[in-house]
Amino acid sequence: MRTAYSVETVRAAERSLMARLPEGALMQRAAAGLAAACADLLGRVYGSRVVLLVGSGDNGGDALYAGARLARRGAGVTAVLLSPERTHEGGLTALRRAGGSVTDPSKAAEEPIRRADLIVDGIVGIGGKGGLRPDAASLAAVAEQSRAAVVAVDLPSGVEADSGEVRGAAVRADLTVTFGTHKPALLIDPAREYAGSVRLVEIGLDLPEEAELEALQHADVAALLPLPQAESDKYRRGVVGIAAGSARYPGAAVLAVAGALRGGAGAVRYVGPAGSAVIARFPETLVSDRGPAKAGRVQAWVVGPGAGDDASTVAEVLEADVPVLVDADGLRLADRDAVRGRSAPTLMTPHAGEAAALLGVSREEVEGARLTAVRELAARYRATVLLKGSTTLVADSGGGPVRVNATGTPWLATAGSGDVLSGLSGSLLAAGLPARDAGSVGAYLHGLAGRYAADGAPAGAHDVARAIPEAWRDVRS
């Protein structure tokens with residue numbers, strides 16, 4: 001499990017550790033890890049040209065000490081001091097003793113940046129808010145246009161550590177070297193896009209058990225997958241009901257059923273006007289035209305994909321005393337009080353546009369503050385919410401760590417892909433997974449399936465559904 005902690009938690013852990021270590025020892029640990037990562041990226045340190053962009057905080061100190069280590073190995077190191085009067089004194093002394101040079105953020109600083117092989121971003125630490133100031137922003141722009149690799153210290157300067165928001169100019173890094181633990185912004189877009197690859201350097205922090213964010217890995221997903229036992233039958237494995245599709249959107253029903261059949265449940269019941277299309281494609285589906293309440297036994301429902309304006313079916317499903325996944329048109333048609341009043345689990349799966357409509361804000365506001373949006377939706381609807389996107393987030397209404405999933409690919413941005421995810425996650429609900437696990441595991445497998453289906457080329461939603469077994473086998477291998 002990959003975890004991320006808030007700035008407040010990290011700082012408390014750092015203070016506790018520093019109280020037990022000799023003065024400056026923690027910064028030296030961080031600088032050693034940073035210098036090693038820079039050396040790995042350079043390949044050949046001797047003769048290389050390194051520029052440090054140095055602010056007034058500890059990040060600047062880390063950069064200076066790391067620069068001193070590189071200078072002692074033969075690199076030509078220049079430090080651009082954005083706040084000369086507040087530069088970390090010990091780090092600056094170490095750099096000068098190692099043969100490094102110093103300049104200020106004037107026009108004269110641009111030439112070494114353009115000629116650099118490596119640029120180290122130590123401008124702003126994890127407490128930075130609101131984007132870079134003009135002098136730092138201009139240097140960051142020159143760095144982005146240069147041929148140099150850019151390494152961010154702990155976090156790209158200009159992004160907000162706790163929220164992942166980017167409210168102004170920010171450094172775009174090729175590599176971020178972070179210390180002690182991941183910070184939320186390294187896992188959540190839009191900030192994640194600025195971080196490049198991320199390298200975690202352990203420095204000995206003692207962190208609490210509950211993190212701010214957590215990201216499942218293969219082993220975590222494998223442990224959660226529902227597997228049939230010797231005595232299993234289709235009902236013990238779970239039956240998922242799919243109430244989806246319409247005369248206008250019959251394909252949504254077919255794709256949701258496709259995802260559900262590959263999700264681990266023992267059987268799939270379909271209710272809706274697209275029964276003929278579903279049976280033609282998947283004859284193993286149990287089709288009913290009597291409505292959700294009379295369709296037969298299910299352990300979970302999926303409602304909404306391609307439903308058009310069928311509010312009555314959405315309302316009927318929400319009355320069921322089993323877990324319910326609400327997606328697509330169902331999100332628009334579901335009565336908020338009906339969702340809030342449910343005793344069984346509810347999993348809502350909006351994309352950014354749907355989340356914006358539910359919250360009464362713009363899509364851009366949701367995309368710029370995804371963590372805030374998913375938490376607000378979960379609290380407002382008293383439901384588990386899976387916010388789809390380049391980094392999918394899953395939040396429970398009762399709080400706790402938000403799950404982050406980044407297995408997807410931009411090729412998943414295709415019509416019907418979300419319907420497959422709904423069926424897959426609904427099947428996991430029926431198999432007995434709690435809503436947060438069903439959403440998290442579903443998103444993980446769906447993302448992997450998207451990668452396998454695309455393999456660098458366009459893929460349709462039906463290709464994604466077909467690739468789910470391959471993703472499942474990969475996770476369990």
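The values are calculated or read from the model by the stated rules, or taken from the named source; none is laboratory data. All values reported here derive from a predicted model rather than from experimental measurement. Glycine also receives a Cβ, built like all others from the backbone with ideal geometry; neighbour counts cover every protein chain displayed. To get the accessible areas, we keep the full protein, side chains included, count just its heavy atoms, and leave off ligands, DNA and RNA. Shrake-Rupley method; radii C 1.70, N 1.55, O 1.52, S 1.80 Å.
Annotations
- Trypsin sites (Lys or Arg not before Pro) within the stretch 70-155, DSSP loop, no more than 12 other Cβ atoms inside 10 Å: ARG147
- Percent antiparallel among DSSP beta bridges (both partners in the stretch 147-281, rounded to 5): 5 percent
- 3J(HN,Hα) couplings calculated from phi for the stretch 207-220 with the Karplus curve 6.51 cos²θ - 1.76 cosθ + 1.60 (θ = phi - 60°) are, in sequence order, 9, x, 5, 8, 8, 6, 10, 9, 10, 5, 10, 3, 5, 5 Hz; Gly and Pro show x.
- Partners for LYS107 among aspartates and glutamates (Cα-Cα distance below 13 Å; same-chain residues under 8 apart left out): ASP135
- Ranked packing of 29-35, 436-442, most packed first, by mean Cβ within 10 Å: 436-442, 29-35
- Within the full protein context, the accessible area of ILE203 is estimated at about 10 Å² for a probe radius of 1.4 Å.
- Gain on full stretching of the segment that runs from GLU111 to GLU23 - 0.36 nm per residue minus C-alpha separation: 28.1 nm
- With coordinates expressed along the principal axes, the C-alpha atoms belonging to the stretch 104-179 extend over 34, 24, 18 Å, beginning with the largest.
- In this label model, ASP321 and ALA32 are separated by 6.2 nm, measuring between points 7 Å along each Cα→Cβ vector.
- Across the protein chains, with a 1.4 Å probe defining accessible surface, the residues ILE188, ILE279 rank ILE279, ILE188 from largest area downward.
- Viscosity 1.567 mPa s, temperature 4 °C, Stokes-Einstein D of the stretch 218-291 from Kirkwood C-alpha radius, µm²/s: 99 µm²/s
- Counting only protein chain heavy atoms and rolling a 1.4 Å probe, the accessible areas of MET348, MET1 rank, largest first, as MET1, MET348.
- Rounded to the nearest 20, the size of the Cβ-charge dipole of the stretch 92-149 about its Cα centre is 120 debye, with Lys and Arg at +1 and Asp and Glu at -1.
- Largest first, the residues ASP189, ASP321 sort by 1.4 Å accessible area into ASP321, ASP189.
- Residue-count net charge about ALA63 - beta-carbon cut-off 13 Å; Lys, Arg +1, Asp, Glu -1: -3
- Entry note, the chain: the mean residue ellipticity at 222 nm calculated from DSSP H runs of n ≥ 4, each adding -39500 (n - 2.57), is -12500 deg cm²/dmol after division by the residues and rounding to the nearest 500.
- The stretch 161-177 - phi-based ³J(HN,Hα) in whole Hz, Karplus 6.51/-1.76/1.60, Gly and Pro as x: 4, 7, 9, x, 7, 10, 9, x, 5, 8, 6, 9, 9, 8, 9, 10, 9
- Of the DSSP H helices in the chain, those that are both long (alpha-carbon extent of 18 Å or more along the helix axis) and hydrophobic (Kyte-Doolittle mean at least 0.5) are 25-42, 417-430.
- Neighbours of SER288, meaning other residues whose beta-carbon lies under 12 angstrom from its beta-carbon, give a summed charge of +3 when Lys and Arg score +1 and Asp and Glu score -1.
- Counting only lysines at least 8 places from LYS183 when in the same chain, those with an alpha carbon closer than 20 Å to its own are LYS129.
- DSSP bridge orientation in the chain - percent antiparallel, rounded to nearest 5: 15 percent
- Rolling a 1.4 Å probe over the protein chains gives SER101 an accessible area of about 50 Å².
- Positive-end ranking of LEU325, ALA307, VAL366 along the dipole of the stretch 283-379, with charges on Cβ about the Cα centre, is headed by LEU325.
- Of the trypsin sites (Lys or Arg not before Pro) in the stretch 290-320, the ones in a loop by DSSP (not H, G, I, E or B) with at most 13 other beta carbons within 10 Å are ARG290, ARG297.
- At the residue level, ASP206 shows approximately 120 square angstrom of accessible surface with a 1.4 angstrom probe and all protein chains present.
- Straight-line cross-link partners of LYS294 among the aspartates and glutamates, defined as a Cα under 16 Å from its Cα and at least 8 positions apart when in the same chain: GLU316, GLU319, ASP321.
- Compared with the direct C-alpha span, the chain from THR93 to ASP174 gains 26.4 nm at full extension, assuming 0.36 nm per residue.
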